[in-house]
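Structure, as structure tokens:
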Amino acid sequence: MSLAATGFLACISLHVLALVAPSDRLSSSAVVCVLGVFPLGLVACGVCWYVGWNHGVWGLDQWQFIAAKCPRWATWFQAGLFLYSMVVFVLAVATSNNHHRGDLSPASLALFTSFPSTFYFTFWCVFKGGLKR
């Protein structure tokens with residue numbers, strides 16, 4: 001759970017830095033944040049298997065089961081964070097003039113750091129709700 005919270009805070013920090021003071025040095029940190037989602041996602045899948053086997057909750061019912069055990073503010077925050085990431089995606093695509101391969105403009109960097117923060121926070125909710133007795 002602390003890895004998910006740390007990843008979320010790192011992505012949010014990079015997102016704010018990319019919006020306020022864009023720099024080329026933030027690109028490597030953004031790549032690390034994006035790549036960190038995948039191993040943590042495997043652990044979250046393991047928690048979902050745990051919930052399925054121990055509580056008999058499978059499929060789409062798992063999120064309702066986990067959200068019921070998660071703090072109420074966290075489910076609302078997660079939904080708001082997802083909507084914010086979608087808005088940032090639309091703005092980043094609409095304002096980009098020229099996408100060259102390997103080019104991380106400030107809009108692209110903001111895009112890359114808003115989506116992983118959504119995943120990290122969702123994983124935090126899965127750990128918080130799925131492992132709660």
**Complete:** Of the residues in region 49-66, those that are assigned to a helix (DSSP H, G or I), of a type outside the set (Phe, Trp, Tyr), touching a helix residue (DSSP H, G or I) at 6+ places or on another chain (Cβ under 9 Å) and surrounded by fewer than 17 Cβ atoms within 10 Å (Cβ to Cβ) number 2
**Item:** Identity of the residue in region 73-93, under 14 Å from the mean Cα position of the chain (by Cα) and β-branched (Val, Ile, Thr), that ends up farthest from Gly130 (Cα to Cα)
**Value:** Val88
**Fill in**
With criteria (1) in contact with a Cys (Cβ under 9 Å, 6 or more places away or on another chain); (2) not in a helix (DSSP H, G or I), Leu14 comes up short on (2)
**Request:** Hey, could you check region 54-72 for residues that are touching a Gly at 6+ places or on another chain (Cβ under 8 Å) and not β-branched (Val, Ile, Thr) and say which is nearest to Arg133 (Cα to Cα)?
**Result:** Lys69
**Request:** Identify the single condition in (1) exposed (fewer than 12 other Cβ atoms within 10 Å of the Cβ); (2) under 16 Å from Phe127 (Cα atoms); (3) touching a residue at least 12 places away in the same chain (Cβ under 8 Å) that Arg72 does not satisfy, given that it satisfies every other one.
**Result:** (3)
**Item:** Residue list for region 94-129, restricted to those being part of a helix (DSSP H, G or I), small (Gly, Ala, Ser) and either under 11 Å from the mean Cα position of the chain (by Cα) or at pLDDT below 90 (or both)
**Value:** Ala94, Ala107, Ser108, Ala110, Ser114, Ser117
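The values are calculated or read from the model by the stated rules, or taken from the named source; none is laboratory data. Everything numeric in this text was worked out from a predicted model, so none of it was measured. In this analysis, Cβ positions are derived from the backbone assuming ideal geometry, glycine residues included, and neighbour counts consider all displayed protein chains.
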